[in-house]
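The values are calculated or read from the model by the stated rules, or taken from the named source; none is laboratory data. Just so we're clear, the structure is a prediction, and the values are computed from it rather than from any experiment. Cβ coordinates were reconstructed from backbone atoms using ideal geometry, including for glycine residues, and neighbour counts include every protein chain displayed. Note: accessible area is taken over every heavy atom of the protein model, side chains too, but ligands, DNA and RNA are not part of it. Shrake-Rupley method; radii C 1.70, N 1.55, O 1.52, S 1.80 Å.
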Amino acid sequence: MKKEDVVQQIWSAARNVGFFNVINHGIPQDDIDAIFRLSKGFFDQSLSEKSKYPFDTVRNSGYEYMTQAPPSTNTLDQKESMQITAREGCMDKLWPASANFRPAMERMSTLAHELACNILSLLEAKACPHLQPGTLVNSHHLWNEDGQCTLRLMHYPPSDEKLLDAKNMWRAGAHTDWGCITLLFQRVDEDGLECRADPRGDAKWIEVPPVKNGITVNVGDMLRLWSDQRLTSNMHRVRMPRTPEECKKSRYSVAFFLQADKSALIDDGKKEPFTAGEYFAGRINSHFSE
């Protein structure tokens, strides 16, 4: 397929739905499998062991257990997560003890950052014609003093069958992502992710199933604002299990959030620019319970 055809397909999906899948993406499956093994190994530990690495809202790093509450639901997400923000000092004393954990997460952050930046560069000309070419990619760095890119390991534990008919409970309540581009690694046969079928109209929810050897990509609010709303940041959620059999299963996923450096200016070419750090701080505080 020609590059211009790829660009057009990505542009159409990012503009109209905000979700798409990529294959032949260049991230080795061995690296992806290793991340899922390490994720399961971490979450299999006792709560007291995992709690040695407590979530810090200032650093946006660490372990949390059912503390995230999207404003759309005001109920706690039925999940736990380990968040790794690639900013200087953010992971001090928060790296789990496993010898393989840190190097694998740093490698995946690098691989995912490269892919997400490639996707961002394909969208930039149409999404942000007011910017100098390369502005978007050059606003996202790993491990510098104000980087905000984050790798997040997520585990949705098995649930009680009594919750099958719960009306306002979600593995992850409806939300939009905060950054520019999200890469979501899902495992086949671990379903549950849904997005709005028509972000601008019909409220119907549709499945976003895992694709073998593929990565799910979605646009975040930061890029929607930067693009003067040319691109769509779609609401999505992870539903609760629907059958007794599904209740017995965990769901694991890994997300990489491409989020602009704290000092980067979000400039849509019309309104007064603001920094990504200012924007991001408010989003963190609104999504986590005390």
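Roughly speaking, what is the centre-to-centre gap between region 1-36 and region 41-63 when only Cα atoms are used, to the nearest Å?
Using only Cα atoms to place each centre, the spacing works out to 30 Å.
From the backbone phi of region 89-94, what are the Karplus-calculated ³J(HN,Hα) couplings (6.51 cos²θ - 1.76 cosθ + 1.60, θ = phi - 60°) in whole Hz, Gly and Pro given as x?
x, 5, 9, 4, 6, 10
Search the structure for amide H atoms under 5 Å from the amide H of Ser61, placed 1.01 Å from N in the peptide plane, and list their residues when 5 or more places away or on another chain.
Distant-sequence amide H within range of Ser61: Asp56.
Amide H of Arg87 versus every other amide H placed in the peptide plane: which residues, excluding those fewer than 5 positions away on the same chain, fall under 5 Å?
Result for Arg87 returns Trp143.
Give a quick list of trypsin sites (Lys or Arg not before Pro) in region 35-71 that DSSP marks as loop, anything other than H, G, I, E or B, with at most 16 other Cβ atoms within 10 Å.
Listed in order of number, the matching sites are Lys52, Arg59.
Accessible area of region 53-206 with a 1.4 Å probe: how many percent of it is carbon plus sulfur?
Ligands and nucleic acids excluded, carbon and sulfur reach 51 percent.
In the structure shown, do any of Lys126/Lys271; Lys2/Lys212; Lys167/Lys248; Lys52/Lys212 have a Cα-Cα gap over 30 Å, and if so which?
Lys52/Lys212
Only Lys, Arg, Asp and Glu count, each charged at its Cβ (+1, +1, -1, -1), so figure out the dipole size of region 150-219 about its Cα centre, rounded to 20 debye.
220
Return the sequence-ordered ³J(HN,Hα) values of region 268-281 in whole Hz as given by the Karplus equation 6.51 cos²θ - 1.76 cosθ + 1.60 applied to θ = phi - 60°, using x for Gly and Pro.
8, x, 10, 8, 4, x, 9, 7, 5, x, 4, 4, 5, 4
Kindly report the accessible area of the chain per residue (heavy atoms of protein chains, probe 1.4 Å, no ligands, DNA or RNA), in Å².
46
Taking θ as phi - 60°, what are the ³J(HN,Hα) couplings along region 142-159 by the Karplus curve (6.51, -1.76, 1.60), each to the nearest whole Hz, with x for Gly and Pro?
10, 6, 8, 6, 9, x, 10, 5, 9, 9, 10, 8, 10, 10, 9, x, x, 10
Dipole of the chain (Lys/Arg Cβ +1, Asp/Glu Cβ -1, origin at the Cα centre): which of Gly134, Trp11, Val188 lies farthest to the positive side?
Highest projection toward the positive end goes to Val188.
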